[in-house]
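Working notes for the structure below.
The values are calculated or read from the model by the stated rules, or taken from the named source; none is laboratory data. These numbers come from a predicted model, not from an experiment. Every residue, glycine as well, gets a Cβ built from its backbone with ideal geometry; the counts of neighbours run over all protein chains shown.
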Amino acid sequence: MSKILVTGCSGFIGSHLAEALLSIGHTVVGLDDLSGGFWENNPAGMVFRQGSITDHGLVDSLFQEHGFEYVFHLAAYAAEGLSHFIKRFNYTNNLIGSVNLINAAVNAGTVKCFVFTSSIAVYGPNQVPMTEDMVPQPEDPYGIAKYAVEMDLRESHEMFGLNYIVFRPHNVYGERQNLGDRYRNVIGIFINQIMQQKPMTIFGDGRQTRAFSYIGDVAPVLARSIERTQAYNQVFNIGADTPYSVLHLAETVARAMGSRPEITRLEARKEVVHAFSSHDKAKAVFGDLMHNVSLEEGIDRMVGWAKIAGIRQSVKFGNIEVERNMPRSWRELAG
């Protein structure tokens, strides 16, 4: 089997992916700075290195030491809404850090494929259902950074022959998610609020729609993607097919938690109102690997895990660069 680097391995998606890769016999080295993930998420059998992808010296040394054949790049600060107010932090971590990895992969000469988790944030507003042949029009710095990395991978393939696969997952949730993150992952936010006997907070009228994607439907496809050479140098949407409103989501989470849906409405924030994608292209290549856990079942599984994991206090984000037009509830948490 192959030597594989997984960045963001201590986050919940990265940990599930690393676990899946280990289960099929690969040697996995994980890199994470633990800024959004947790040590306990790291699966047994993985070689773990704590550090940041923004440290190009560290990245280069890992490639030289291990001679990776595949790279799965998941490390990012994935907060679309907050990215407007942390532009420098966003581009440093999500763009420059990615370029460090791409440079190392090109220079190593051993990498057969670079798998990158982008986002449907690249599409921007008013493009539903989102399909891979649409021209991206990202409206937030997070989506801009993700699309820039996609374009750099395409250029690196044309210039240096580096094969890649880009996945655009969306609204992924499940066990091991950071319940204490106040700025992203609405299902985790709702669960944490209910466990603290607080009302669930919703921006605006709650009629925004998303297709919430269970981790168990996403990680196995990512792990096996490197076996499908017909997927190389392609872009794929990956996730759930059915969109639900945030209001429906709140009711579903409350039901799974055995409580009444108490809601506090906050001022509407600038965001894409409706965001869901087509997965026809992914089904044509990965159809035998794809499953569709229902929203109710996926949330039940996550709630079962969360009740054991326990309450996590929301952590202030200490690197706010621009406060103008920032939602009031986020300003109160900024430190």
Residue pairs qualifying under the 7 Å Cβ cut-off, at least six apart or on distinct chains, with the first in the range 50-75 being within 15 Å of Cys9 (Cα to Cα) and the second being charged (D, E, K, R) and assigned to a loop (DSSP other than H, G, I, E, B), are Gln50/Asp33; Gly51/Asp33; Ser52/Asp33; Tyr70/Lys112
Please go through the range 207-240 and pick out each residue that is without any contact (Cβ under 8 Å) to a residue 60 or more places away in the chain and crowded, with 16+ Cβ neighbours inside 10 Å.
Ser213
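Considering only helices (runs of 4 or more DSSP H) fully contained in the range 218-335, which possess at least 3 residues that are within 18 Å of Arg207 (Cβ to Cβ)?
246-257
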Would you confirm whether or not the range 55-68 contains a residue that is at pLDDT below 95, over 25 Å from Val221 (Cβ atoms) and assigned by TED's automatic domain parsing to the domain that holds Ala231?
no
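So that you can scan it fast, the table gives a plain yes or no per residue for (1) assigned by TED's automatic domain parsing to the domain that holds Asp300; (2) at pLDDT 95 or above; (3) under 15 Å from Glu80 (Cβ atoms); (4) more than 15 Å from the chain's Cα centre (by Cα):
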{"site": "Gly143", "(1), (2), (3), (4)": "no, yes, yes, no"}
{"site": "Ser156", "(1), (2), (3), (4)": "no, yes, no, yes"}
{"site": "Arg182", "(1), (2), (3), (4)": "yes, no, yes, yes"}
{"site": "Ile187", "(1), (2), (3), (4)": "yes, yes, no, no"}
{"site": "Met200", "(1), (2), (3), (4)": "yes, yes, no, yes"}
{"site": "Arg228", "(1), (2), (3), (4)": "no, yes, no, yes"}
{"site": "Tyr232", "(1), (2), (3), (4)": "no, yes, no, yes"}
Picking from Ile263, Ile308, which residue would you name as being more than 17 Å from Val172 (Cβ to Cβ) and either exposed (fewer than 14 other Cβ atoms within 10 Å of the Cβ) or among the small types (Gly, Ala, Ser) (or both)?
Ile308
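Table: residues versus (1) at pLDDT below 95; (2) out of contact with any His (no Cβ under 7 Å at 6 or more places or on another chain); (3) of a type in the set (S, T, N, Q).
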position: Ile4; (1), (2), (3): no, no, no
position: Gly8; (1), (2), (3): no, yes, no
position: Ser15; (1), (2), (3): no, yes, yes
position: Ser35; (1), (2), (3): yes, yes, yes
position: Ser52; (1), (2), (3): no, yes, yes
position: Ala79; (1), (2), (3): yes, yes, no
Meets criteria (crowded, with 16+ Cβ neighbours inside 10 Å and more than 30 Å from Lys112 (Cα to Cα)) for Arg255
no
Residue check for Lys112: under 13 Å from Ala145 (Cβ atoms) and modelled with pLDDT of 95 or more:
no
